[in-house]
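Take a look at the structure set out below.
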Amino acid sequence: MIDLRRLRLLRELEARGTVHGAARALDYTPSAVSQQLAVLEREAGAPLLERSGRTLRLTDAGRLLAGHAATLLDGMAAAEADLAALVAGRPAGTVRVAAFQSAFLELVAPAIAAVRHEHPEVRMEAAEIEVEEAVPALRLGHLDAVIGDEYEGDPRPVHPDLERTPLLTEQVRVVLREDHPLAGRKRVPLARLAGEAWAATQPGTGHRTMHVRACRRLGGFEPDIRFASDDLLILLELVRMAGSCALLPDLVLDRGHPGVVARPIAGGSQARDVFLLTRRARTPAVAVVADALRAVSGRRTGRPSQGGRRAS
């Protein structure tokens with residue numbers, strides 16, 4: 001009989017590409033992973049791995065079994081959640097959530113408080129993880145829900161095995177030090193900031209791509225990005241202390257920050273969508289958390305979330 005725990009190892013190997021990667025993901029030693037995969041081959045009665053140079057790759061039988069592993073592992077998780085809910089008489093179980101920083105502060109933290117009050121049998125675990133890292137973990141079953149974002153004009157990849165629920169759409173604004181010559185304007189033309197120093201996230205991130213595209217599209221210039229951090233609160237501090245400029249979305253700005261002002265972009269706009277990702281088979285506990293996140297988001301926008309779901 002095939003062991004589900006070993007199936008998880010096979011699935012991780014397929015996703016990570018190496019035994020060392022699978023071992024790190026599951027907190028095993030590489031030798032332990034290799035030993036367990038050898039046992040799995042005996043259980044399956046067919047070779048699951050073959051060596052290609054210095055690396056291992058899955059055989060046809062290995063890929064077939066790894067594909068079924070996803071369904072079997074999701075089914076087991078759903079069964080455990082349904083059993084916990086039956087015993088408790090209402091939704092129960094652990095829901096692991098990941099979110100980027102501003103969504104963690106403004107959406108996840110209030111949702112944790114609401115779920116703890118209304119559904120004490122549902123245990124929420126939350127971590128600050130960027131969407132690029134969190135989505136693979138969600139697809140592999142290490143997470144149950146991920147709050148992601150995408151900037152207008154730069155959509156995220158679509159994953160047919162995931163459900164996407166819109167949470168809110170927010171505007172990106174120009175952030176300046178309060179004594180900047182343009183700080184008193186109701187709207188700020190980006191072209192007037194062409195010679196300024198800018199602060200943005202690291203290259204390869206969605207925010208950095210948005211920043212460069214917005215300056216090109218709405219201002220007609222290449223931004224001089226002198227400061228980089230993936231912590232958007234650090235970017236705000238760079239505006240306040242170093243006098244740089246930044247483009248930041250409302251979730252980062254709504255609490256108010258002394259010493260800086262946020263203004264709409266003149267002559268155009270730049271938006272960011274914030275959404276929830278889950279696997280398609282939502283357990284009752286995951287549904288509870290999803291509802292709480294939608295409710296928090298609806299209060300921020302002044303209207304209830306429509307609750308539409310689509311693949312992402």
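The values are calculated or read from the model by the stated rules, or taken from the named source; none is laboratory data. As the structure is a prediction and not an experimental result, all values here were calculated from the model. Here the Cβ is made from the backbone with ideal geometry for all residues, glycine too, and neighbour counts use every protein chain on show.
Note on the range 205-247: residues that are in contact (Cβ under 8 Å) with a residue 40 or more places away in the chain, surrounded by 17 or more Cβ atoms within 10 Å (Cβ to Cβ) and among the small types (Gly, Ala, Ser) total 4.
Annotation note: Cβ proximity below 9 Å between a residue of the range 97-118 that is farther than 17 Å from residue 285 by Cα and assigned by TED's automatic domain parsing to the domain that holds residue 129 and a residue that is surrounded by 17 or more Cβ atoms within 10 Å (Cβ to Cβ) and basic (Lys, Arg) (sequence gap 6+ or interchain) occurs for 106/300; 107/300. Checking each residue in the range 187-200 for being modelled with pLDDT of 95 or more and within 16 Å of residue 244 (Cα to Cα) picks out 188, 189, 190, 191, 192, 193, 194, 196, 197, 198, 199, 200. Number of residues in the range 101-142 that are surrounded by 21 or more Cβ atoms within 10 Å (Cβ to Cβ), farther than 22 Å from residue 248 by Cα and under 10 Å from the mean Cα position of the chain (by Cα) equals 2. Residues that are among the small types (Gly, Ala, Ser) and modelled with pLDDT under 70 within the range 81-99 comprise 81, 84, 85, 88, 89, listed in sequence order. The number of residues in the range 1-35 being more than 19 Å from residue 51 (Cβ to Cβ), among the acidic types (Asp, Glu) and under 27 Å from the mean Cα position of the chain (by Cα) comes to 1.
Residue 170 meets all of the listed conditions (1) surrounded by fewer than 19 Cβ atoms within 10 Å (Cβ to Cβ); (2) touching a helix residue (DSSP H, G or I) at 6+ places or on another chain (Cβ under 6 Å); (3) of a type outside the set (Val, Ile, Thr) but one, namely (1).
Total residues in the range 21-75 satisfying the condition of being modelled with pLDDT of 80 or more, aliphatic (A, V, I, L, M) and surrounded by fewer than 17 Cβ atoms within 10 Å (Cβ to Cβ): the figure is 6. For the range 43-58, the count of residues that are in contact with a helix residue (DSSP H, G or I) (Cβ under 9 Å, 6 or more places away or on another chain) and within 30 Å of residue 233 (Cα to Cα) is zero.
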